[in-house]
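Remarks on the structure that follows.
The values are calculated or read from the model by the stated rules, or taken from the named source; none is laboratory data. If you're wondering where the values come from, they're calculated on a predicted model, not measured in any experiment. For neighbour counting, all protein chains shown are included, and Cβ atoms are generated from backbone atoms with ideal geometry for every residue, glycine included. What goes into the accessible areas is simple: the full protein's heavy atoms, side chains included, and nothing from ligands, DNA or RNA. Shrake-Rupley method; radii C 1.70, N 1.55, O 1.52, S 1.80 Å.
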Amino acid sequence: CCFLAMATKVSADELPLMLLLYDRLFRADDPAGAPARKRLLLAAFASWGMMLGLMLATGSAYAKAGIGSVEGIGPVRYALSQSGVILHYLRLCFWPAGLCLDHVRRPIEFDRPLEYVPQTIAVLALLGLAAYGLIRRRPWSFPACTFFLILGPTSSVIPIADLIFENRMYLPLAAVVVLAVCGAFEAYDHLVRRMVGEAGRRRVLRTFRIAAAVVVAGLSIATLLRNTAYSTQETMFRDLVDKAPASPRGYFLLGRHLFDDRRQVDEARPWLRRSLEQDPTFVPSLSKLAELEIAARRFDVAESLLKRMAEVAPESNRFYIDLGALCAARGEYAEALRCYDTVLAHTPDHAEAAADRGRVLIELGRYDEALALYRHVIAIDPDNAPAYNNLGTCLFRLGRLPEAIALFEAALARKPLYVEARANLGAALDRAGREEEAWRTLNRALADDPACLGARIGMGNFLARRGRYAEALPHFERAVTIDPANATAAEGLAQVRADLARRP
């Protein structure tokens, strides 16, 4: 269990030491059980060796997570930087104002001693107090030492890319709560013992009850207010950019949400650009902004972003996937396939690259290859909504409508706001003769995203099939405006105009 805990969460590395502390503080007076406890402790410490083997075998995973190898931050500089972080954590325990998903904190500079000397002295004093209690075998030293042990993997001398994250304090918070509650109880008990007479004891009890009620009420209100930030993804990310305006991730998350989930291209673009203003080399923002510009068919802008990305991460899978998307949007399908093949040669189970390669195969009419590829993607990632949508597109073009409808519904089950899948479902329902369902589905897709190309074409086809050419015309006109190079939209527009010309 010790090893499995360590393999799951790095902070569990401290578990053997916590067991040793517990044994010294609470079980040392039981010599009869000492041999069994020693065997247990030896087994717990042996799990360190197993964990070391796992770390050596998967060292690249730790490096990607930014653990142990951070450019420009050595162990001493990181440890001194963490002194201020630890005090910040403790302050949040008692006064939780300024909670933030992504604090931006820079490492200390050695030529600015006020940034770290007082904080380091304060943390060393607390550490010394915990060590004193351990030496004297005081029960309160167990949560005190546990606090520092649990924070050890992230707040000691092992450099991590991000100096501070509030979630690192979740488990150590238990130790602080125990100390605070037990300390308050001891203070109350001490005051009661010093009071003479029943009236004095009642006065102390009443004071403590009022204080406890005030604290609980205040923290409850603070919790309710904080929880409003989590009501939607958008409010959560807007709260982040308000509290951490120097964080490139906050702007990226907000821009990605507006583009991916709400398809608000014009609103998403400035947030992604603000992310790059904070960090011009932030690859996720470069990638997402390039994807946005490709969707807006601003290929020159997307190409300039990819050139910058090539300078920052020339060998990354992300670069080749985005370059492949640009080539596919331009109709350069052979070049797009080469980009995706480059990724799959190094990472055969890369679901996104395989899915994007399948889209190109569909455009080339190589449906059998695309079907096999998408089935492979779904086997790798059963919750990949685009894979279900694209597999459904293959089957739709092959005329296998019941299977296609089931796959579009599966895509929507995994991603309810997936407008493209909803538009495809409407088109498939229309082709299958399920008129009422098709009408409802296509209208829902247009309500979710009026600029959805597939929904416009689907609605235009739906109306044209029923001879409602005048109503179909604006949908095809809008489709051509959205994507002037789309052959299906252009053909639909020409056909509807011709049908209208034949009718007075």
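Summary table below
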item: Modelled FRET efficiency - R0 22 Å, Arg308 with Ala161, Cβ distances, 0.05 increments; result: 0.55
item: Exposure rank, largest accessible area first [Arg366, Arg112; 1.4 Å]; result: Arg112, Arg366
item: Glu315-Ala490 pseudo-label distance in nm [points 7 Å out on the Cα-to-Cβ vector]; result: 4.2
item: C-alpha long axis of helix 283-295 to longest principal axis of the chain, angle in °; result: 20
item: Solvent-accessible surface (1.4 angstrom probe) belonging to Glu109, in square angstrom, nearest 10; result: 70
item: Förster radius 35 Å - calculated FRET efficiency between Leu54 and Cys93 (Cβ-Cβ, nearest 0.05); result: 0.60
item: The stretch 440-504 versus the stretch 98-119: alpha-carbon centroid distance in Å; result: 58
item: Cβ charges +1 (Lys, Arg) and -1 (Asp, Glu), total dipole of the chain, debye; result: 1840
item: Helix 248-260 axis, angle to the chain major axis (alpha carbon atoms, nearest 10°); result: 40
item: Cα gyration tensor shape of the stretch 139-246, rounded if a/c is under 1.5, else prolate or oblate by comparing a/b with b/c; result: oblate
item: Relative contact order (%) - the stretch 375-504, alpha-carbon pairs under 8 angstrom, separation at least six; result: 15
item: Gyration tensor verdict on the stretch 28-151 (Cα atoms; rounded if a/c is under 1.5, prolate if a/b is larger than b/c, oblate otherwise); result: oblate
item: Helix 299-312 vs. the chain, principal-axis angle (Cα, 0 to 90°, nearest 10); result: 40
item: Surface accessible to a 1.4 Å probe, Ser81 within the full protein complex, Å²; result: 10
item: Relative contact order (%) - the stretch 107-189, alpha-carbon pairs under 8 angstrom, separation at least six; result: 25
item: The stretch 422-435 - phi-based ³J(HN,Hα) in whole Hz, Karplus 6.51/-1.76/1.60, Gly and Pro as x; result: 5, 5, 5, 4, x, 5, 5, 5, 4, 5, 7, x, 8, 4
item: Length added when fully stretched, Arg39-Ala470, from 0.36 nm per residue minus Cα-Cα; result: 146.7 nm
item: For the stretch 344-356, Karplus couplings with θ = phi - 60° (6.51, -1.76, 1.60), whole Hz, Gly/Pro x; result: 5, 5, 8, 10, x, 9, 6, 5, 5, 5, 5, 5, 5
item: Overall Cα dimensions of the chain - principal axes, largest extent first, Å; result: 105, 56, 52
item: Glu491, Glu363, ranked by accessible area, largest first (probe 1.4 Å); result: Glu491, Glu363
item: Hz values of 3J(HN,Hα) by residue in the stretch 393-406 - Karplus curve (6.51, -1.76, 1.60), Gly and Pro given as x; result: 4, 4, 5, 4, 5, 8, x, 8, 5, x, 5, 5, 4, 4
item: Segments 28-37, 418-427 sorted - mean Cβ within 10 Å per residue, highest first; result: 418-427, 28-37
item: Spin-label pair Leu500/Val178, simplified geometry with 7 Å Cα→Cβ offset, distance in nm; result: 7.6
item: Solvent-accessible area, 1.4 Å probe, carbon plus sulfur percent, for the chain; result: 61
item: Where the stretch 372-504 is the region considered: accessible area per residue in Å², 1.4 Å probe; result: 48
item: Sequence of Met55, Met50 from largest to smallest accessible area, 1.4 Å probe; result: Met50, Met55
item: Probe 1.4 Å, protein heavy atoms only - accessible area per residue of the stretch 167-247 in square angstrom; result: 69
item: Relative contact order [Cα under 8 Å, 6+ residues apart], the chain, whole percent; result: 7
item: Cα centroid of the stretch 222-251 to Cα centroid of the stretch 369-413, whole Å; result: 35
item: Helix-only mean residue ellipticity at 222 nm for the chain, each DSSP H run of n ≥ 4 adding -39500 (n - 2.57), per residue, nearest 500; result: -23500 deg cm²/dmol
item: Surface accessible to a 1.4 Å probe, Ser231 within the full protein complex, Å²; result: 80
item: Those residues of the stretch 302-335 whose amide nitrogen sits under 12 Å from the label point placed on Arg366, 7 Å along Cα→Cβ; result: 333-335
item: Residues of the stretch 98-123 with amide N under 19 Å of the 7 Å Cα→Cβ point at Thr235; result: 98-102
